[in-house]
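J.: First the structure, then my questions, so here it is.
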Amino acid sequence: MRRPKPKKSIGPKHRRISEAEEIELLDAWIEAGKPDSGSNPLAFPPPPPSAPVGRLADGGFSPYAGCKLFRQLPISQKTKDGLRPKYTEMSEIQRASLPHTLSGRDVLGAAKTGSGKTLAFIIPVIERLYRARWGPEDGVGCIIISPTKELAGQLFEELKFVGKHHSLSAGLLIGGRKDVDAEKERVNYLNLLVCTPGRLLQHMNETPNFECSDLQILVLDEADRILDAGFKYEVDAIISQLPKHRQTLLFSATQTKSVKDLARLSLKDPEYISVHSESLTATPERLKQIAMEVPLDQKLSMLWSFIKTHLHSKILVFLSTCKQVKFVYETFKKLRPGIPLKCLHGRMKQVVRMAIYSEFCEKTSVLFSTDVASRGLDFPAVDWVVQVDCPEDIPAYIHRVGRTARFASEGKSVLFLLPSELEMFRKLQAVETKIPIQLRKANTQRLQSISGLLSSLLVKYPALTELAKATFKTYLRSIKKQKDKEVFDLLKLPIDDFAASLGLPMTPKVRFMQQKASDKIASDSDEATDLREANGSRPASGEKQILDRSQEEEDDDVLFPKETSVEVEDNPAVVLPLKNPKKKKMKINVHRPIGTRIKYDDEGNVIPPLAALADSENLNLLVKPDKVKERYEKLKEEMKQRDKEDKVLNRQRLREKRTKEKMKLKRWREEDEEDDDPDLDEAENGAPKKSKLYFDSDDSADEKREDVNLKTDAISLAEQEALALKLLNSMHS
Ligand code: ADP
Ligand code: MG
């Protein structure tokens, strides 16, 4: 506490002067050493670590194009302090792009997943505003756009981390949190915005005086995703409100090559930096990838067995719709695999989403997710990425598997492909795609089907039946919506077997299926069977697929588990037929009032419980019939009275519950509306929501070290928290 004092006594004036000097030096240094346009800094000889840095004795400057260490870059001391000690050596994309981005050039950067693209744009963003001496009164100087809220949150954290010694203010503007009004009051004082497209547009449209006419730098992370059709409306509207004279940075592992897309952004002679284009693989080198042919009706059993044999791994599982994610999560949870399960999808409340995201960062568990988690997220130490449903295209595949094997770590991935989807494997394996993936046959010999378990769960929990039906329908719809018809063919799916595998007693009717199928069926009544055979797949039931042992490697032990038996001891819902749950009759009357118990006489006729008691032979022997009747009447009266009281109590409870729910709903309507895209949830478009603010300038070094607790430009931590809370609880207009 005492140490910062001398610093304070120097006074802001002195600091400002030294800042001005530093900026002058940085400007001159950048100008002196900037690489030629079109040159690749990676080709420059790196200066030795011991070489002097900055202004040299002869009045010149040390070279920075080609350097390997952050401290050799012409960046401010505050940024260097923010990077240290976590970041010292640069990754390739950072080495290749920073000399260009720091010189103010537009850059299109492509580098594999997990290779450090975030810092490659966060550093130039901070430096640009620092060197422009940006202050609160200057308004928005930088906008970073992310396709999802979780990724925006992550970028914001990294921005705070690296910028913790700077006096810029930053805000996270994403959907899913409340009180856009409170946010509107703050947003005009923020210098750096990290946002999802929808929320940014909402501010552009609704926030009084919100303007970006002085914007210095625009960043699109996951640029190809931001520029694709899903965000077209938002992005066009946003760009139309931004000044053309600005620096623009686009980063992604799968970069857009569309000239049209780039024209939309009015880039000025952009540098195309693709650091791994010479690499033999498009995916991280330490990532081991396999594909397996898994019939549709065995997918869940395969997934279950996989999880059961990887109880100590952190596993990220991709499914194509929210309903599937929900169904697998809810049912697997009840079957208790022995590892914590979590789920993440676009229809969840934002607070919950954020909590799950953080939990999965920390704990070994299985996370079932839609593609909301496929882009950019840097979960530490994911061991396995399991794609239960086929990705829509190759970029989607690359991003999903890219959640593991990040930076220097290793990872493994497995892709389940239906026999009818094997074309996707051929596409992935094509030479130009550069994805080292091998196809393995699954050993289903010891794979225990869980469709029986699922069907008994459905009997026990009627709500799960509804969820299963919705899962069935949304999966088929997701296949129907897929663009790549070479891979995705609705009519090749064994839908009856699929329904049965979800535990459904009957195949739900799906209108678009019936329409599609009717023509075909007219010409070929046995189509499903034929198609399955044509594709080399086995009929789902008894038949076994044989593991090709010649292909087997050590890792396959886990994929083809030695003990695949499903643990069922403490599960009440187990001893069930493995196949044909269709034929199982569900005897549950879902309309039966809760708490009433029905008794049957020997002939199977229903008798009321008390009558059963009164009519019991034994009783008749011991007690006189009129006494029984009297007692029976008395009991009846008592029951009536108790019933009445219960009803009153119940009504009261219900009323309270409803009020509570209404309140909750009112608070959460905002994000639910936003996520209410009929069923395929993954696009995070149009996300209007909340913000938090950030780093501040002033003084105490101790205070500043605690970056998360930093004050914002004007408000204290307590106020920030209050604001965040308020934002969490507010409504979306
Ligand atoms: P990408 O955006 O390319 O997928 P990220 O920017 O998310 O990758 O970085 C992946 C991980 O690598 C992050 O955990 C990040 O902290 C780490 N990282 C990035 N750059 C460096 C570096 N120069 N040195 C050490 N770790 C780094
Ligand atoms: Mg990234």
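The values are calculated or read from the model by the stated rules, or taken from the named source; none is laboratory data. Model, not experiment: these values are computed from the prediction. In this analysis, Cβ positions are derived from the backbone assuming ideal geometry, glycine residues included, and neighbour counts consider all displayed protein chains. SASA here: full protein model, heavy atoms, side chains in, ligands and nucleic acids out. Shrake-Rupley method; radii C 1.70, N 1.55, O 1.52, S 1.80 Å.
J.: Working out 0.36 nm times the residue gap between N188 and A430, then minus their Cα-Cα distance, what length gain in nm do you get to one decimal?
T.: Taking 0.36 nm per residue and subtracting the Cα distance, the gain is 82.1 nm.
J.: Computing the accessible area with a 1.4 Å probe over protein heavy atoms, can you report the carbon and sulfur percentage for the range 19-274?
T.: Solvent-exposed carbon and sulfur of the range 19-274 make up 51 percent of the total.
J.: Structure shown: which of K334/K660; K427/K483; K244/K483 lie over 25 Å apart, alpha-carbon to alpha-carbon?
T.: K334/K660; K244/K483
J.: Here's a follow-up. Classify the range 348-449: rounded, prolate or oblate, from the alpha-carbon gyration tensor (a ≥ b ≥ c, eigenvalue square roots; a/c under 1.5 rounded; otherwise prolate if a/b is larger than b/c)?
T.: Prolate shape, in that a/c is at least 1.5 and a/b is the bigger ratio.
J.: May I pose another question? How far, in nm, would the chain grow between D393 and R655 when pulled straight, counting 0.36 nm per residue and subtracting the alpha carbon separation?
T.: Result: 89.4 nm gained on full extension.
J.: Right, another one. Suppose each label sits 7 Å from its Cα in the direction of the beta carbon; what would the V648-D58 distance come out to in nanometres?
T.: Each label point lies 7 Å from its Cα, and together they span 9.9 nm.
J.: Where a ≥ b ≥ c are the square roots of the eigenvalues of the C-alpha gyration tensor, would you call the range 19-274 rounded, which needs a/c under 1.5, or, failing that, prolate if a/b is larger than b/c, or oblate?
T.: Because a/c hits 1.5 or more and a/b exceeds b/c, the range 19-274 counts as prolate.
J.: Okay, moving on. Would you mind telling me the share, in percent, of accessible area of the range 287-467 contributed by carbon and sulfur at probe 1.4 angstrom?
T.: Accessible surface attributable to carbon and sulfur in the range 287-467 totals 54 percent.
J.: For the range 289-298, take each phi angle, set θ = phi - 60°, evaluate the Karplus expression 6.51 cos²θ - 1.76 cosθ + 1.60, and give the result in whole Hz per residue in order, putting x for glycine and proline.
T.: 10, 9, 10, 9, 7, 10, x, 3, 6, 10
J.: If you don't mind, another one. Calculate one ³J(HN,Hα) per residue across the range 376-385 by plugging θ = phi - 60° into the Karplus curve 6.51 cos²θ - 1.76 cosθ + 1.60, and present them in order as whole Hz with x for glycine and proline.
T.: Each residue of the range 376-385 in turn: x, 5, 10, 5, x, 6, 6, 7, 9, 10 Hz.
J.: Might you tell me the accessible area per residue for the range 46-200, computed with a 1.4 Å probe and given in Å²?
T.: Averaged over the residues of the range 46-200, the accessible area is 27 Å².
J.: At what distance in nm do the modelled label points of A229 and E31 sit from each other, each positioned 7 Å from its Cα along Cα→Cβ?
T.: Simple spin-label model gives 4.9 nm for this pair.
J.: Using packing as a proxy for protection, rank 386-394, 298-306 so that the peptide with the highest average count of other Cβ atoms within 10 Å comes first.
T.: Averaged packing, sorted descending, gives the order 298-306, 386-394.
J.: If I model a spin label at K460 and Q77 as a point 7 Å from the Cα along the Cα→Cβ vector, what separation in nanometres do I get?
T.: Distance between label points: 6.6 nm.
J.: Here's something else I'd like to know. Where does each of 56-64, 214-222, 314-322 land if you order them by average Cβ count within 10 Å, highest first?
T.: My ranking of the peptides, most packed first, is 314-322, 214-222, 56-64.
J.: Cα gyration tensor of the range 287-467, axes a ≥ b ≥ c as square roots of the eigenvalues: rounded (a/c below 1.5), prolate (a/b > b/c) or oblate?
T.: Oblate is the answer for the range 287-467, as a/c is 1.5 or above yet b/c matches or exceeds a/b.
J.: Scan around L417 for amide H atoms under 5 Å from its own, H built in the peptide plane at 1.01 Å from N, and keep only partners 5 or more places away or cross-chain.
T.: Long-range HN contacts for L417: M292, E293, V294.
J.: So, one more: Which value, in debye to the nearest 20, describes the size of the charge dipole of the range 19-274 about its Cα centre when Lys and Arg Cβ atoms bear +1, Asp and Glu Cβ atoms bear -1, and nothing else is charged?
T.: I would put it at about 560 debye.
J.: Leaving out ligands and nucleic acids, note down the accessible area per residue over the range 352-454 with a 1.4 angstrom probe, in whole Å².
T.: I get 33 Å² per residue for this part.
J.: May I ask which of K412/K460; K78/K184; K112/K473; K232/K509; K86/K112 have a Cα-Cα span longer than 27 Å here?
T.: K412/K460; K78/K184; K112/K473; K232/K509
J.: Would you grab the residues whose amide H sits under 5 Å from the one on A282? Only those 5+ places off in sequence or on another chain, please, with H modelled 1.01 Å from N.
T.: I435
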